[in-house]
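Just below is one structure, and these are the notes that go with it.
The values are calculated or read from the model by the stated rules, or taken from the named source; none is laboratory data. Not measured: the values here are computed from a predicted model. Note: ideal-geometry Cβ built from the backbone for every residue, glycine included; neighbour counts use all protein chains shown. Quick note on the areas: whole protein, heavy atoms, side chains included, nothing else; ligands and nucleic acids left out. Shrake-Rupley method; radii C 1.70, N 1.55, O 1.52, S 1.80 Å.
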Amino acid sequence: MKEFLVDSAFFGAVLSLVAYEAGALLKRRFRLAVFNPLLIATAAVMLVLTLLNVEYSHYNESAKYISYLLTPATVCLAVPLYQQLELLKKNLKAVAGGITAGVLSSLVSIFLLAKLFSLNHEQYVTLLPKSITTAIGMGISEELGGVQTITVAVIIITGIFGNVTAEFICKIFRIHNPVARGLAIGTSAHAIGTAKAMEIGEIEGAMSSLAIAVAGLLTVLGASVFAVLL
């Protein structure tokens, strides 16, 4: 039975979806931020692969079908943004300033931490794209000479952390404006954070969707400049 399941062409895809749904059920049941579906799914998949002694390459080969949905899912983020187009026009300067500030904060913080912990150039550029979507971050990391696999891991960790702590941080700093909350979440925690922003509200989700694309483009430019500083 074990061999039949593991050798199935869709083993990885089914395992990932079941693990994510389990995480979603826990989130709905307990309503706690720590029960993030992606975090639960990641831990569950790692546990199953370890217990069944399944190589990651085998899992990845059978889970790749889920990745095909990444592009259309990203494109769909334009829908809530279109619905809030008038609001975007009214707050255009604030939106531009907020996203720019968020991108600079990310790049500057990585630079300062790299100096503090005496990271080498490869480690430094690996971390630079931590707050943007995986597709863009991998490209930046490769072009600057970073380690792509570590970049992906850091991006996912950043997104999960942003998803889990977004509401708490907004409450602590008394950020109540939906535009500001959406921009902050999208700029700092990319698509995973945007999922949380959409749970909070339509405006937050729309602004977060915009922030993903714009922050990605600004990081492409900014990372090239910051890369030469260390």
*On a 0 to 90 degree scale, rounded to 10, what angle separates helix 148-172 from the longest Cα axis of the chain?*
60
*Looking at segment 165-230, which chymotrypsin sites (Phe, Trp or Tyr not before Pro) are in a loop (DSSP not H, G, I, E or B) and have at most 11 other Cβ atoms within 10 Å?*
Phe173
*FRET efficiency, 1/(1 + (r/R0)^6) with R0 30 Å, evaluated for Leu113 and Tyr56 via beta carbons*: 0.55
*How many Å³ per residue does the convex hull of the Cα positions in the chain occupy?*
137
*Could you list the chymotrypsin sites (Phe, Trp or Tyr not before Pro) in segment 34-85 that lie in coil according to DSSP, counting only those with at most 12 other Cβ atoms within 10 Å of their Cβ?*
Tyr68
_Residue with peak Gaussian network fluctuation, the chain [Cα springs, cutoff 10 Å], from His190, His121, His176_ = His176
*asked:* Using a Gaussian network model on the chain with a 10 Å cutoff between Cα atoms, which of Glu143, Glu55, Glu202 fluctuates the most?
replied: Glu55
*Report the residue, chosen from Ile157, Ile212, Ile66, that carries the largest GNM mean-square fluctuation when the chain is represented by alpha-carbon nodes joined by springs under 10 Å.*
Ile66
*With contacts defined as alpha carbon pairs under 8 Å and 6 or more residues apart, what's the relative contact order of segment 156-230 in percent?*
29
*Sorted by accessible area with a 1.4 angstrom probe, largest first, how do Cys170, Cys76 fall?*
Cys76, Cys170
*Taking the convex hull of the alpha carbon atoms in segment 99-230, what volume per residue do you get, in Å³?*
90
*Using 1/(1 + (r/R0)^6) with R0 = 35 angstrom and r between the beta carbons of Val220 and Phe30, what's the FRET efficiency to the nearest 0.05?*
0.35
_Just the number please: accessible area per residue for segment 31-107, 1.4 Å probe, all protein chains included, in Å²._
68
*asked:* Can you tell me the orientation of helix 202-227 relative to the chain, as the angle in degrees between its alpha-carbon axis and the longest Cα principal axis, to the nearest 10?
replied: 80
*Helix 11-30 versus the longest principal axis of the chain: what is the Cα-based angle in degrees, 0 to 90, to the nearest 10?*
60
*How would you order 48-54, 133-139 from highest to lowest mean count of nearby Cβ atoms within 10 Å?*
133-139, 48-54
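What is segment 51-103 by shape, rounded, prolate or oblate, if you read a ≥ b ≥ c off the alpha carbon gyration tensor as root eigenvalues and call it rounded for a/c under 1.5, prolate for a/b larger than b/c, and oblate otherwise?
It is prolate, given that a/c is not under 1.5 and a/b is the larger ratio.
Based on the Cβ-Cβ distance of Leu47 and Lys93, what FRET efficiency does E = 1/(1 + (r/R0)^6) give at R0 = 35 Å, to the nearest 0.05?
Working: r = 48 Å, r/R0 = 1.37.
E(calc), rounded to 0.05, equals 0.15.
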*Provide Rg over Rh for segment 1-122; use the alpha carbon set for both Rg and the Kirkwood Rh (inverse mean inverse pair distance).*
1.11
*Determine the alpha carbon to alpha carbon distance for each of Lys89/Lys171; Lys27/Lys115; Lys93/Lys115 and list only those over 29 Å.*
Lys27/Lys115; Lys93/Lys115
